[in-house]
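The values are calculated or read from the model by the stated rules, or taken from the named source; none is laboratory data. Keep in mind it's a predicted model, so treat the numbers as computed, not measured. Cβ sites come from the backbone with ideal geometry, for glycine too, and all protein chains shown count toward neighbours. Only protein heavy atoms, including side chains, enter the accessible area calculation; ligands, DNA and RNA are left aside. Shrake-Rupley method; radii C 1.70, N 1.55, O 1.52, S 1.80 Å.
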Amino acid sequence: GGGGHAEAVLERLPQSGRLIGIDRDADAIAEAGKRLLRFGNAFTAVRGNFFQMKSLLEGLSIQRADGILLDLGVSSHQLDEKARGFSYNEDAPLDMRMDASAPFRAYDVVNGYSFEELARIIREYGEERYAGRVAASIVKAREKAALDSTVELAQLIKNAIPAATRREGPHPARRTFQALRIEVNGELEGLKKAVDDAHSLLAPNGVLAIITFHSLEDRIVKLTFREYENPCTCDPRAPMCTCGKKPTARILTKKPLVASESEQEENSRSRSAKLRAIQKL
């Protein structure tokens, strides 16, 4: 992202410490490089997907990490850059790629997926109760002409959702835009494996902290962390454990940490953020 978390970590690292920053967005790599220039060799920026963190770190001859922070989802920079097409409030092409060099865009999902596929991702990834209505509206509209405008799509979604529902909560297009973004960038497909990889890379007593921004991510992280703390697969009614599986980490956050009211007032995007952490045994 913009290097904010990285800067906070670097300011607290011991003199011998080193931070590796991974981002698939070339713009983020460039901006973070400028912001963190004063830290010299203590910071290394690597362009790539953190889903491949094991191989990326192997390329740097790093086998262990004392701490890993995963900041999931879209960055503020990406949301604020109109041309990237992440926002339903700004008119832009339907893009939503975190890696601008990737060939697959939101345009391809909206205009290429069947009604069934659209309804599924909008329902599963956006948790939109009116997924069928939204998908049907998209399919009907694209029969006349391909959809390639964020504002046009947002209005289409708004019209597909009952008026009574539109009056409450966030913008009615928010959930569908989230679903499209997740599908375009494959944000959930490899998340469980990425968390497992991060856990395996931790040195003893190392900490893995993960910030999520919607319930689907948070559920995966929460359940995976529980597996590390309580991996036993024996019947709960059994008098003793026979599976032999031992805990590999302890959960540091019994409940996720969330932004304070003052932080939410200062940064509205922090409202949906949840931080969970474990320490490796």
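Details
- Approximate spin-label separation residue 8-residue 140, in nm, with each point projected 7 Å along Cα-to-Cβ: 4.6 nm
- Overall, the ratio between the Cα radius of gyration of segment 61-210 and 2.2 N^0.38 Å, rounded to two decimals, is 1.20.
- FRET efficiency, residue 237 to residue 108 (Cβ-Cβ, R0 41 Å, nearest 0.05): 0.20
- Under 5 Å between amide hydrogens, built in the peptide plane, is the criterion, and for residue 202 it picks out 65 among residues at least 5 positions away or on other chains.
- Direction-averaged projected area, Cα convex hull, segment 9-92: 6.4 nm², rounded to one decimal.
- Averaged over its residues, the chain has an accessible area of 55 Å² per residue, based on protein heavy atoms and a 1.4 Å probe.
- Eigenvalues of the alpha-carbon gyration tensor of the chain, scaled by 5 and square-rooted, set the equivalent ellipsoid semi-axes at 35, 25, 17 angstrom, largest first.
- Counting only residues at least eight positions apart within a chain, or on another chain, the lysines with an alpha carbon under 17 Å from that of residue 246 are 280.
- Of the two radii for segment 151-225, the radius of gyration is 1.15 times the Kirkwood radius, both from the alpha carbons; that is the Rg over Rh value.
- Over segment 138-281, the Kirkwood radius and the radius of gyration, each from Cα atoms, give a ratio Rg/Rh of 1.11.
- Scattering curve values for segment 206-281, log₁₀ I(q)/I(0), Debye with Cα scatterers, q = 0.23, 0.25, 0.26, 0.27 Å⁻¹: -1.01, -1.09, -1.13, -1.17
- Cβ-based charge dipole, the chain, positive-most Cα from 258, 6, 109: 258
- The label-point distance for residue 76 and residue 272, in a model that sets each label 7 Å from Cα toward Cβ, rounds to 1.6 nm.
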